[in-house]
Amino acid sequence: MSNIKTMTFDAIVIGGGGAGMRAALQLTETGVKAACITKVFPTRSHTVSAQGGITCAIASADPNDDWRWHMYDTVKGSDYIADQDAVEYMCSVGPQAVFELEHMGLPFSRTEQGRIYQRPFGGQSKGPNDSTQAARTCAAADRTGHALLHTLYQANLKRGTTFLSEWYAVDLVKNAKNEVVGVVAIEIETGEVAYIKAKATVLATGGAGRIYASTTNALINTGDGIGMALRAGFPMQDMEMWQFHPTGIYGAGTLVTEGCRGEGGYLINSEGERFMERYAPNSKDLAGRDVVARSMVIEILEGRGCGPEKDHVLLKLDHLGEETLNLRLPGICELSKTFAHVDPVKEPVPVVPTCHYMMGGIPTNVGGQALTQDDDGKDQPIRGLFACGEAACVSVHGANRLGGNSLLDLVVFGRAAGLHIEEQLRNGFEVDGASDADIKRAMARLDRLANAREGEHVAAVREDLQTCMQLYFGVFRDGESMDKGLQLLNEIGERVRNTRLTDTSNVFNTARIEALELDNLFEVAYATAVSAVERKESRGAHARNDFTERDDENWLKHSLYFPLDKRVGKRDVNFSPKTVDTFQPTIRSY
Amino acid sequence: MLVSLYRYNPEADNAPFMQDVEVELPKGKDLMVLDVLNLLKEKDVTLSYRRSCREGVCGSDGMNMNGKNGLACITPVSQVIKKDKLVLRPLPGLPVIRDLVVDMSLFYKQYEKVMPYLVNDQPAPAIERLQTPEDREKLDGLYECILCACCSSACPSFWWNPDKFIGPAGLLQAYRFLADSRDTAQAERLAELDDPFSVFRCRGIMNCVSVCPKGLNPTRAIGHIRNLLLQRAT
Amino acid sequence: MGNVSSVTNLGRSGVADWLMQRVSAYVLALYTVVLFVFIIANPGMSYDTWAGLFGQTWMRIVTLMALLSIGAHAWVGLWTVTTDYMKSALPRFLVQAACGLTMFVYVVWGIQILWGF
Amino acid sequence: MNSKRPVNLDLGKFHFPLPAITSILHRVSGIIMFVGVAFMLYGLDLSLSGEEGYGHVSELLSGFFAKLIIWGILSALLYHLVAGIRHLLLDMGIGEELESGLVAAKVTLAIAIILIVLAGVWVWAM
């Protein structure tokens, strides 16, 4: 297209959060001509909100700690549908990736020995034969994500990474051979549209918690990468798996870290009972997040919720003492005061399970290479497309992510994607060019918005979408109501395609961005709904009232949603780690 | 409640103007200023502002609310409202791109000037570099900065010399690295700061301290830098 | 990278300017207080007492020091003020030059007064 | 487009905390003093020029207008002195916190006002 500006790089990373910046850093360090495209200034990315820490067996709290124990916990936490080769990679490379962060300057909290401070988190044990609570989550007070994100931005500044800051990626550009050859993006400040050409495109666009009405996620978490990949026709894996975090602040949805419970806080119901002792006699409040969230909802449903509406429970922290709270959880004290009008030093914090994390995403291998399936159900790489972080599904979290594993996922697989791309490029990886028609296809949504004269406002449709997901695809699900939800989604989809943009200006037009984001929210929501209806069992975060048991015979599998025919297929879980024995599925109890 | 908004769209307006809008607030609930903006945007999509985390950690929605800088997402309306009126203006001293969105490039440039990254010329160990809890504690009150620019854009010295005075946010980060026991570039860092503008334009008026949404104290950090510069000079 | 300097700043470095301003501040504060105390302690002071004070060599030297301190203190202060508010170089330079000249006149005038009576 | 961008710097619309006000007054008083030095040197010159000159100064000081000028210069001097001492304390790390800074600003203003009033009484009593 002669009238559209083209910028050319060897590799582009879409997303300036933890995963994107770690990938960009790796690429820049190894001399690849790379750019990081990010819709917000990098330090405004959602990684900044991560609180508790980054789980990794660096053997600081326990000198005998072993990454294999971490691997065991992760596989068990995933309810056995995490790919064990990927978990093995994450847990074994993890320490190196964390030490690198420390060397970059991340201000971790410290032990008396001067090592990185590690706190207990949910689902942590000392291996398959010792269920003793471990302390494996490396922390910078309760601002680990903030510290990590800023450190990565700083490291990128030091290396001179190119940032296209406040640029919004609209759609992937695919050539005739179905290779991904870059992206069409819009510079928010000027409204200028450009084709950003690259041999490798990394989707590090994070999660999409905003498909739910109540979420801990930032307003920017709209699943842009997932939307782009789905529109390009690529499949999504395990999209029914959404984590509800046990402790979102009641009413506001903002997160209070699992670290609160790691430091000794616990949940109580309206009778003042520490109810998790009943549901998870061993791990209690530090059971897997899915387990705790479900227990909370049961307490509320059975009438033991707190407050006038009996619709939440309480997180008790005051017994930890002011000093510990100020030292270990200063940010939580701030957030509680602001959003719950409660001082944790004196009173318990009202909390409720809140949508937190998307375990599913773009299927990739350990090197971040995006995958699809051929007609025989065999994995095929999508040439030119990579993914890492929450947008990707490697899969290390399976059906339920352990606390502190998301930050590790970001840095390990951001780094891995960088390494892998550098290697591919060094080996002479080439793709064909894109035709004008290929680029035009990626601009279709912009054209539609520019020409839509009639239609609905974005905000109303978005709200209905979020309410629908909250109502029909929440902590507990069942077939009948999900069918209703899916039907409703079909209607909402029609409305999404008929939204109208009343602001057609160019300079910093946030209305246009929100309209484009709505498309992505819908893509994600729809993939979630279809996959959730299809998985007829309860596993991890996917809990069905009509199929209450885990069904290993049929569903010890990844689900794979194909957008073109809206079909859900299956993909084998990897049970072949390279250096350790397979962890066999057993009953998961805490 | 009456909301008075600073509006400017370069494609339509020759100059910025104040727009008064009446907003119906839900009863019994103290909204954050960002919630009010979101309500307004539902009615008028052309209203532009930045936002992301909506919990005070990403630093996107710094703005001037009834005369005082702060983050819209963690500022309850009740805290800033005067005579039933809420006046929202963009951060002072930075060029306005549109409505409440300012051009932050000068602010970021000042941040970049202070070498905001750890420098250590020793070979990296196989594990982490050790740091005592006491040394780590020196970074508290420094590393938490979210780069929202509330402080620098409340600082008259930064208004008058945004290109030369590093400003409170940048200087806080300058000291964050000067104070890090793992950093080995102290001499180099100080040499870069020893001019009449970068640090010494601070007049100690503490506007930065009074607006910082994270409760940080750039004035004190600047004092520490000055002491280091003095030690170096004498 | 971060270094900015200006031909018209006195000490060529931030620390030097800053130190100069502080040292002169101490001198001036002390001088002012001493002079105040002297005047208040001598109500209805005669010419002889007044001239006697300034007739002593140490007072002449101290007063000269105060004058020089005013020069340094005011220069750093005014240089800061002019660079804050005056953004175009020529007018700023002219005002700065005028200030400098005034300060020079003050000092010469002061010396004339102190050693001229 | 960039150079045309407006800047929100309508100073009347901003809230300035007390320490900021003490600071700008410090600056203003400094400039007044700079001009005031000329008057003081003139006075010193005249007062030391002999009995006659000294008498002349005393005579001058009895006029309302001259008293006003003297009081003005004294006020600037006293304010600059007191606020300057606050700065020197700040250099030592005293009054650097939000609360202590506010207290320091209040104390500065209070002491300065008392001294200025006293100076007024003194000038008019002369």
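The values are calculated or read from the model by the stated rules, or taken from the named source; none is laboratory data. Nothing here was measured: the structure is a model prediction, and the numbers come from that model. We place every Cβ from the backbone using ideal geometry, glycine too, and count neighbours over all the protein chains shown. SASA here: full protein model, heavy atoms, side chains in, ligands and nucleic acids out. Shrake-Rupley method; radii C 1.70, N 1.55, O 1.52, S 1.80 Å.
Looking for whichever is at the interface with another protein chain (Cβ under 10 Å from one of its Cβ atoms), at pLDDT below 95 and under 22 Å from A:ALA511 (Cα atoms) here; the options are B:ASP30, B:ASP13. Which one fits?
B:ASP13
Within segment B:77-146, which helices (runs of 4 or more DSSP H) (wholly inside it) include 2 or more residues that are more than 24 Å from the chain's Cα centre (by Cα)?
Once the helices (runs of 4 or more DSSP H) in segment B:77-146 are filtered for at least 2 residues that are more than 24 Å from the chain's Cα centre (by Cα), what remains is B:133-137.
For D:GLY93, are the conditions met, namely being assigned to a loop (DSSP other than H, G, I, E, B), within 10 Å of another protein chain (Cβ to nearest Cβ) and open to solvent by 30 Å² or more (accessible area, probe 1.4 Å)?
Answer is yes for this residue.
Conditions tested, residue by residue: (1) modelled with pLDDT of 95 or more; (2) within 30 Å of D:GLY12 (Cβ to Cβ); (3) β-branched (Val, Ile, Thr); (4) open to solvent by less than 20 Å² (accessible area, probe 1.4 Å).
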| site | (1), (2), (3), (4) |
| --- | --- |
| B:LEU91 | yes, yes, no, yes |
| B:LEU94 | yes, yes, no, yes |
| B:MET104 | yes, yes, no, yes |
| B:TYR108 | yes, yes, no, no |
| B:VAL114 | yes, no, yes, yes |
| B:GLU128 | yes, no, no, yes |
| B:GLU134 | yes, no, no, no |
| B:LEU142 | yes, no, no, yes |
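Every residue in segment A:176-220 that is of a type outside the set (A, V, I, L, M), assigned to a loop (DSSP other than H, G, I, E, B) and open to solvent by less than 10 Å² (accessible area, probe 1.4 Å), please.
Across segment A:176-220, the qualifying residues are A:GLU179, A:GLY207, A:TYR212, A:THR216, A:ASN217.
Residue-by-condition table, conditions (1) of a type in the set (Lys, Arg); (2) within 22 Å of the chain's Cα centre (by Cα); (3) part of a loop (DSSP other than H, G, I, E, B):
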residue	(1), (2), (3)
A:GLU491	no, no, no
A:PHE522	no, yes, no
A:ALA525	no, yes, no
A:ALA529	no, yes, no
A:ALA543	no, yes, no
A:ASP565	no, no, yes
A:ARG588	yes, no, yes
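Sort out which residues of segment A:62-110 are open to solvent by 20 Å² or more (accessible area, probe 1.4 Å) and of a type in the set (D, E, K, R), and write them in order of number.
Once the filter is applied, which keeps residues that are open to solvent by 20 Å² or more (accessible area, probe 1.4 Å) and of a type in the set (D, E, K, R), segment A:62-110 yields A:ASP62, A:ASP65, A:ASP66, A:ARG68, A:LYS76, A:ASP85, A:GLU100.
Here's the yes/no breakdown for (1) in contact with a helix residue (DSSP H, G or I) (Cβ under 7 Å, 6 or more places away or on another chain); (2) closer than 22 Å to B:ARG189 by Cβ; (3) more than 10 Å from chain A (Cβ to nearest Cβ):
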| site | (1), (2), (3) |
| --- | --- |
| B:SER78 | no, no, yes |
| B:SER105 | no, no, no |
| B:TYR108 | no, yes, no |
| B:VAL114 | yes, yes, yes |
| B:ILE127 | yes, no, no |
| B:TYR143 | yes, yes, no |
| B:CYS148 | no, no, no |
| B:SER152 | yes, yes, yes |
| B:SER157 | no, yes, yes |
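Identify, by number, the condition in (1) more than 15 Å from the chain's Cα centre (by Cα); (2) buried (at least 18 other Cβ atoms within 10 Å of the Cβ) that D:ASP10 doesn't meet.
Going through the list (1) more than 15 Å from the chain's Cα centre (by Cα); (2) buried (at least 18 other Cβ atoms within 10 Å of the Cβ), D:ASP10 breaks only (2).
Could you tell me whether segment A:241-251 includes any residue that is more than 26 Å from A:PRO330 (Cβ to Cβ), under 23 Å from the mean Cα position of the chain (by Cα) and either aromatic (Phe, Trp, Tyr) or modelled with pLDDT under 95 (or both)?
Looking through segment A:241-251, at least one residue is more than 26 Å from A:PRO330 (Cβ to Cβ), under 23 Å from the mean Cα position of the chain (by Cα) and either aromatic (Phe, Trp, Tyr) or modelled with pLDDT under 95 (or both).
Taking segment C:84-98 only, how many residues are at the interface with another protein chain (Cβ under 9 Å from one of its Cβ atoms) and open to solvent by 20 Å² or more (accessible area, probe 1.4 Å)?
Selection size over segment C:84-98: 2.
Given the conditions (1) within 14 Å of chain A (Cβ to nearest Cβ); (2) touching a residue at least 40 places away in the same chain (Cβ under 8 Å); (3) in a loop (DSSP other than H, G, I, E, B), report the number of the one that B:LEU172 does not fulfil.
Among (1) within 14 Å of chain A (Cβ to nearest Cβ); (2) touching a residue at least 40 places away in the same chain (Cβ under 8 Å); (3) in a loop (DSSP other than H, G, I, E, B), B:LEU172 violates only (3).
Being modelled with pLDDT under 95, open to solvent by 50 Å² or more (accessible area, probe 1.4 Å) and of a type in the set (Val, Ile, Thr) narrows it down to one of A:THR502, A:THR548, so name that one.
None of the others qualify; the one that does is A:THR502.
Matching residues to (1) of a type outside the set (Val, Ile, Thr); (2) under 26 Å from C:GLY116 (Cα atoms); (3) more than 11 Å from chain D (Cβ to nearest Cβ):
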| site | (1), (2), (3) |
| --- | --- |
| C:VAL27 | no, yes, yes |
| C:TYR31 | yes, yes, no |
| C:LEU64 | yes, yes, yes |
| C:ILE70 | no, yes, no |
| C:HIS73 | yes, yes, no |
| C:TRP79 | yes, no, yes |
| C:THR82 | no, no, no |
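If you check A:GLU277, A:GLU271, A:GLU309, which single one turns out to be modelled with pLDDT of 95 or more, part of a loop (DSSP other than H, G, I, E, B) and within 30 Å of A:ASN545 (Cβ to Cβ)?
A:GLU271
Any residue that is of a type in the set (A, V, I, L, M, F, W, C), within 14 Å of chain A (Cβ to nearest Cβ), over 30 Å from A:TYR250 (Cβ atoms) and open to solvent by 10 Å² or more (accessible area, probe 1.4 Å) - is there at least one of those in segment B:35-58?
yes
What number of residues in segment D:25-42 are over 9 Å from the mean Cα position of the chain (by Cα), more than 8 Å from chain C (Cβ to nearest Cβ) and of a type in the set (A, V, I, L, M)?
2
Could you run through segment A:46-77 and say how many residues are among the charged types (D, E, K, R) and over 29 Å from A:VAL573 (Cα atoms)?
1
If I ask for residues that are within 8 Å of chain B (Cβ to nearest Cβ), under 20 Å from the mean Cα position of the chain (by Cα) and not in a helix (DSSP H, G or I), which ones from segment A:116-163 would you list?
Within segment A:116-163, A:ARG143 is the sole residue that qualifies.
Considering each of C:VAL76, C:VAL27, C:VAL34 in turn, give the residue that is part of a helix (DSSP H, G or I), surrounded by 17 or more Cβ atoms within 10 Å (Cβ to Cβ) and modelled with pLDDT under 95.
C:VAL76
So which residues in segment B:183-199 are facing another protein chain (nearest Cβ under 7 Å) and in a loop (DSSP other than H, G, I, E, B), if there are any at all?
B:ASP194, B:ASP195, B:PRO196, B:PHE197, B:SER198, B:VAL199
Mind listing just one residue for me: the one in segment A:259-276 that is out of contact with any strand residue (DSSP E or B) (no Cβ under 7 Å at 6 or more places or on another chain) and on the phi < 0 side of the Ramachandran plot and, of those, surrounded by the most Cβ atoms within 10 Å (Cβ to Cβ)?
Applying the filter and picking the extreme gives A:ARG261.
Give just the number: which of (1) small (Gly, Ala, Ser); (2) modelled with pLDDT of 95 or more; (3) over 25 Å from A:ALA459 (Cβ atoms) does A:GLY207 not satisfy?
If we test A:GLY207 against (1) small (Gly, Ala, Ser); (2) modelled with pLDDT of 95 or more; (3) over 25 Å from A:ALA459 (Cβ atoms), just (3) comes out false.
Does D:SER3 satisfy the criteria of being within 14 Å of chain B (Cβ to nearest Cβ), in a helix (DSSP H, G or I), open to solvent by 30 Å² or more (accessible area, probe 1.4 Å) and modelled with pLDDT under 95?
Yes.
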